[in-house]
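Below is one structure, written out as structure tokens, with a few remarks after it.
The values are calculated or read from the model by the stated rules, or taken from the named source; none is laboratory data. All of these numbers come straight from a predicted model, not from anything done at the bench. Cβ coordinates were reconstructed from backbone atoms using ideal geometry, including for glycine residues, and neighbour counts include every protein chain displayed. When the accessible area is computed, the model is the full protein with side chains, heavy atoms only, and any ligands, DNA or RNA have been set aside. Shrake-Rupley method; radii C 1.70, N 1.55, O 1.52, S 1.80 Å.
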Amino acid sequence: MEVFEKTLAEKAPKLKLVAVEDGNWDQTISQKIARQLFAQYQSNGGIQGAYGMADNQAVGIIQAAKEAGPRSRR
């Protein structure tokens, strides 16, 4: 995560990292976390990107984004 955060700051300084959560490599947990974050930040312009450390986590994040609808993906 340290390298990810450093690279994000260097390569995309306009993006703000708003959360680092542990999905415990689980699709369902990752989806629940993503759903909560999409809802939390929807009124602030939404989430611009999300990162899961495993394919199954990414699937959960994608599903949560689809459920949140286009307003979460501005």
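Brief remarks on what is shown
- Virtual spin-label span in nm between Ile62 and Lys11, 7 Å along Cα→Cβ: 2.0 nm
- Solvent-accessible area per residue, Å², over the chain with all protein chains present [probe radius 1.4 Å]: 76 Å²
- Where chymotrypsin sites (Phe, Trp or Tyr not before Pro) in DSSP loops with at most 13 other Cβ within 10 Å are excluded, longest remaining stretch of the chain: 26-50
- For the pair Ala19 and Gln36, label points projected 7 Å from Cα toward Cβ lie 0.7 nm apart.
- Protein heavy-atom surface of the chain, 1.4 angstrom probe: 51% of the accessible area is carbon and sulfur, with nucleic acids and ligands not counted.
- Given [x] 84; [y] 133; [z] 111, the label whose value is volume of the Cα convex hull per residue in Å³ derived from this model: [x]
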